[in-house]
Amino acid sequence: MVSLFPLIEYWWFYLAFVVFVLAVLAMDLGVFHKKAHEVSVREAGVWTAVWIGLAIVFNFAFYQYCLWKFSVDERLLAIPGFDPALAARQSALEFLTGFVVEKALAIDNIFVFAIIFSYFTIPKIYQHRILFFGILGALVFRAGFIAIGSYLMAYSAVVVVFGVFLIFTGLKMLWPSKEVNLDENILMKLLKKIFPIHTQLEGEKFFWRKEGKWFATPLLLALVFIEFSDIVFAVDSVPAIFALTDEPLIVFTSNIFAILGLRSLYFLLAGVMDKFTYIKYGLSGVLVFVGLKMTYLNSLFDGHFPILWSLGIIGGLIGGSILASVFKEAKAKARRHDLK
């Protein structure tokens, strides 16, 4: 299969995108969040809209670029039946679908973030700082996962294995989670062997020096667990996006854009996550659908299940679960009101 965006030709695109992301992150921490403060729901809502808006603007610009580039690329035009306009539209839709999938799966990350912050009693004023560095680390790990995935996904047997894994993960989400005890976690035991633990917060410091000895603060512990949780989630999300597109460039850009808005999405939803009763069923459905797409559905459509159908099914599963949750919460609220 011919790649639309071979690395040897598009290395500059990756580089420019990484520079753009780093510049945005530097502006975020150095200008807008230079001083530690508790992020309000209103501020989180504004930033969530900004990040989603940036992704939409990028998607439009990406479509326009593809439309121009594919029309003048002799390598692609030499392919019998190649349609530049159709290929540009397909690429833009794949980015959008990948972004939606990653954004949806990120909701599960938010549950975990809330548990970690609660467990280590991290005040809201310092949570943005932890998430900032957590997202920065996630960008590096995701890039590595995508590079490995782009190689492995070339083998049909690996695609099937990942598809089965996603189906299993999706079904597993339907069972209740066990009570979390991070003190017994192997990661915590390893950290204690590397650094002595300082149980008290020392402002926004990740390390605290006392009597000539360095200690890890609860902020560092929370950061390490958030990084580790993102690595675990990447095992699901990266193959899920590769099920929607064969192009590593689209996987990388859509994945990173979704991650960039994860902090603001956390502050927007953290306080109301318990009201989204049915969201886990929507996320479970997405993973099962993507797994089926990798293992079976693609083969019914000459290797590519229609991307518009995928977008519609994924949007329906997530949107349906959210609407069902809102409806249930409204009924419960009305019932409580009637009892008064």
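Every read-out reported here was derived from the displayed coordinates using simple, explicitly stated rules and does not represent laboratory data. Only a predicted model underlies this, so the values are computations on that prediction, with no experimental measurement involved. For neighbour counting, all protein chains shown are included, and Cβ atoms are generated from backbone atoms with ideal geometry for every residue, glycine included.
What to note about this one:
- Gain in span if fully extended, LEU323 to ILE186, counting 0.36 nm per residue against the direct Cα distance: 45.5 nm
- Residues with amide H under 5 Å from that of TYR278, placed H, sequence gap 5 or more: SER325
- GNM top mover of ALA78, ALA114, ALA258 - the chain, alpha-carbon springs below 10 Å: ALA78
- Rounded to the nearest angstrom and listed largest first, the equivalent-ellipsoid semi-axes of the chain from its Cα gyration tensor are 36, 25, 20.
- Each residue, SER118 and ARG335, gets one label point 7 Å from its Cα in the Cβ direction; the gap between the two is 2.2 nm.
- Full-stretch length increase - VAL50, LEU77 - with 0.36 nm per residue and alpha-carbon distance subtracted: 6.0 nm
- Sequence-distant residues sharing a close amide H with ILE122 (under 5 Å, placed H): none
- Each residue of region 135-144 is assigned a 3J(HN,Hα), and the resulting list reads 5, 4, x, 4, 4, 5, 5, 5, 4, x Hz, derived from the Karplus form 6.51 cos²θ - 1.76 cosθ + 1.60 (θ = phi - 60°), x at Gly and Pro.
- Per-pair calculated FRET efficiency, R0 = 35 Å: PHE301 and TYR14 via Cβ, rounded to 0.05: 0.75
- For region 328-334, 3J(HN,Hα) computed residue by residue from phi via the Karplus equation (6.51, -1.76, 1.60; θ = phi - 60°) reads 5, 5, 5, 5, 5, 5, 5 Hz, glycine and proline entered as x.
- Every helix of 4 or more DSSP H residues in the chain counts as -39500 (n - 2.57), and over all residues that averages to -25000 deg cm²/dmol at 222 nm.
- Packing-based exposure ordering (other Cβ within 10 Å, fewest first) of ASP230, ASP302: ASP302, ASP230
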